[in-house]
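The values are calculated or read from the model by the stated rules, or taken from the named source; none is laboratory data. Here the structure is a predicted model, which is why all the values come from computation and not from measurement. Glycine also receives a Cβ, built like all others from the backbone with ideal geometry; neighbour counts cover every protein chain displayed. Note: accessible area is taken over every heavy atom of the protein model, side chains too, but ligands, DNA and RNA are not part of it. Shrake-Rupley method; radii C 1.70, N 1.55, O 1.52, S 1.80 Å.
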Amino acid sequence: MKNSNQSKPTHWSEPVHSLLREHQIKQVAMVPDAGHANLIRLCEADKKMKVVRLTSEEQGVSLLGGAWLGGEKGILLMQSSGVGNCINMLSLSTSCQMPLVILITMRGDHGEFNPSQVPMGNATETVLSAMGVLVRRGDTHEAVVEEVAGALHMAFNTSRPIAVLIGQKVTGAKDFRKLTH
Amino acid sequence: MKKILQRREVVNFLLHQRDDLLVVAGLGAPAWDITAAGDHPLSFPLWGAMGGAAMIGLGLAMAQPKRNVLVVTGDGEMLMGLGSLAVIGAHKPANLSIVVLDNEHYGETGMQKTVTGLGVDLVGMAKSAGLAQSMLVANKTDLENLRNEIYKKGKARSGALFAQVKVGSEKLPLVLPPRDGVYLKNRFRIELLGSEKALA
């Protein structure tokens, strides 16, 4: 997925937003992360989507369970640190076989500068798997789009929770010391 | 001395002739209460997901804006998901009602006190979070008023309704709903959406 006249790849967020539209995703639940900022902007500008501002990530698991009961599809956006908050609530998705797609921007991953992000980042995949969530991962813009496409299709057709991890090679490791300059 | 409300009587009164109400119940006693009132395909009793009942109600209310949605839960369950009051206050679903049956105890674990018995004011929290209407229910008149509010149609409110109903902490016979989550989900969706859409 390269632009025709330059080597910079297309950012994953635009094709992912198109996929969300294609799958008729109506409820976009999120605790924001910088890596999701562009996708959140696209969803906020989309009149067919309702962006729900959570105060903690597990609220999105229950919210989207309710949405599914009511016949609406949703997606949950969070950073990897929020996965820990979701652990017990994920029992709703697995015990009721609720479809759930979670897009998780990784912290504590490639090139991390904040030591406090590393434990949860390192445990993210293990924790999700332990709770019965299928885990996919993209480390390039192109791979993220491909994994999201597969996850949307699979989650809603086979009624299960699937997480797509967006690696820090894609979002870029942030360094607050540099951000302040 | 005023007679304290009994939880089963409260729930029976709220769910009697329930119109097209969609009902979510928090785990434990509230799930047994809605079942004692008569199991129904448009009831979704929880067996877990503690702290999640109100958010399930929000997702459902947003998906079904023309239907009234009622969440019946306990004080312990609501206290675990207090942040959801902020989300619901901000998003203002006019078709959502949250009723907390407050017996000031964790009933399933040996009747330990919850913090509502130590002065925590859920109605005040709901008000501060911006829920359109937040009420304390302590007697039959309050309860009749609550029932009228729950069944109001359309955009009668500017956002969600919250009620903290003070109930006794007496032990009641277990009336258990079906335990299979997949069954509970499917019967709800089939009844609400029709089998073609629900099982597509």
Averaged over A:92-102, number of beta-carbon atoms from partner chains that fall within 10 Å: 4
To make sure I understand the rule: partners must be aspartates and glutamates, Cα under 12 Å from the Cα of A:LYS73, and not fewer than 8 residues away in the same chain. Which ones qualify? A:GLU22
Per-residue average of other protein chain Cβ atoms inside 10 Å, peptide B:44-54 -> 5
Which three lengths, in whole Å and largest first, does chain A cover when its Cα atoms are put on their principal axes? 46, 38, 25
Compute the length gained on full extension between B:ASN139 and B:GLN6: take 0.36 nm times their separation in residues and subtract their Cα-Cα distance, giving the result in nm to one decimal. 46.9 nm
Rg from C-alpha atoms of the protein assembly as shown, normalised by the globular rule of thumb 2.2 N^0.38 Å, equals 1.02
Expected vector for the stretch A:96-113, Karplus 3J(HN,Hα) from phi with 6.51, -1.76, 1.60 and θ = phi - 60°, integer Hz, x for Gly and Pro, equals 9, 6, 8, x, 8, 10, 10, 9, 10, 7, 7, 10, x, 10, 3, x, 4, 10
For the stretch B:67-82, take each phi angle, set θ = phi - 60°, evaluate the Karplus expression 6.51 cos²θ - 1.76 cosθ + 1.60, and give the result in whole Hz per residue in order, putting x for glycine and proline. 9, 7, 10, 10, 9, 10, 9, x, 5, x, 5, 5, 4, 6, x, 4
Counting sequence-distant residues (5 or more places) and residues on other chains, those with an amide H built under 5 Å from that of B:VAL137 are B:GLN164, B:VAL165, B:LYS166
Among the stretch A:142-181, those whose backbone N falls under 16 Å of a label point 7 Å along Cα→Cβ from A:GLN97 are A:154-162
Note, ³J(HN,Hα) from phi for the stretch B:18-26, Karplus 6.51, -1.76, 1.60, rounded to Hz, x at Gly and Pro: 7, 6, 10, 5, 9, 10, 10, 10, x
Given a 1.4 angstrom probe, what's the average accessible area per residue across chain B, in square angstrom? 42 Å²
Solvent-accessible ranking of A:GLU125, B:GLU104, largest area first, probe 1.4 Å: A:GLU125, B:GLU104
Ranked output for segments B:58-71, B:148-161 by mean other Cβ atoms within 10 Å, highest leading, reads B:58-71, B:148-161
Expressed in nanometres to one decimal, the distance between label points 7 Å along Cα→Cβ at B:LEU176 and B:ASP19 is 3.4 nm
Carbon plus sulfur, as percent of the 1.4 Å-probe accessible area of the protein assembly as shown, comes to 53 percent
Could you pull out every one of the lysines with an alpha carbon less than 23 Å from that of B:LYS3, ignoring same-chain neighbours closer than 8 positions? B:LYS113, B:LYS140, B:LYS166, B:LYS171
For the protein assembly as shown, what does -39500 (n - 2.57) per DSSP helix run (n ≥ 4), summed and divided by total residues, give at 222 nm, in deg cm²/dmol to the nearest 500? -11500 deg cm²/dmol
Can you list the residues, at least 5 places off or on another chain, whose amide H is less than 5 Å from the amide H of B:GLY74, using H built in the peptide plane? B:GLY26, B:LEU101
Spin-label point model (7 Å from Cα, Cβ direction): what's the A:SER129 to A:PHE113 distance in nm? 3.1 nm
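Suppose every K and R has +1 on its Cβ and every D and E has -1 on its Cβ; what is the size of the dipole of the stretch B:16-159 about the Cα centre, in Debye to the nearest 20?
Values: 12 positive and 13 negative charges, 139 e Å.
So the dipole magnitude of the stretch B:16-159 works out to roughly 660 debye.
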Highest first, please rank the peptides A:164-176, B:22-34 by the mean number of other Cβ atoms sitting within 10 Å of their residues. B:22-34, A:164-176
Solvent-accessible area per residue, Å², over chain A with all protein chains present [probe radius 1.4 Å]: 44 Å²
For A:ASN88 and A:GLU142, what is the calculated FRET efficiency with R₀ set at 41 Å and r taken between the beta-carbons, to the nearest 0.05? 0.75
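Quantify how strongly other chains surround peptide B:177-184 by giving the mean number of their Cβ atoms within 10 Å of each of its Cβ atoms.
Numbers: counts 0, 0, 1, 2, 9, 5, 1, 3.
Mean inter-chain Cβ contacts per residue within 10 Å come to 3.
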Ignoring ligands, DNA and RNA, how do B:ARG7, A:ARG41, A:ARG53 rank by accessible area with a 1.4 Å probe, largest first? A:ARG41, A:ARG53, B:ARG7
Give me the dipole magnitude in Debye, nearest 20, for the protein assembly as shown about the Cα centre, with unit charges on the beta carbon: positive for Lys and Arg, negative for Asp and Glu. 820 debye
For a 21 Å ceiling on Cα separation, which of these pairs sit above it: A:LYS26/B:LYS92; B:LYS92/B:LYS152; A:LYS8/A:LYS47; B:LYS127/B:LYS185? A:LYS8/A:LYS47; B:LYS127/B:LYS185
Once you put a point 7 Å from the Cα of B:VAL115 and another 7 Å from the Cα of A:ASP175, both along the Cβ direction, what distance in nm separates them? 4.1 nm
Which three lengths, in whole Å and largest first, does chain B cover when its Cα atoms are put on their principal axes? 53, 37, 29
Between B:ILE98 and residues 5 or more places away or on another chain, which pairs have amide H atoms under 5 Å apart, with H built 1.01 Å from N, and which residues are they? B:VAL71, B:LEU161, B:PHE162, B:ALA163
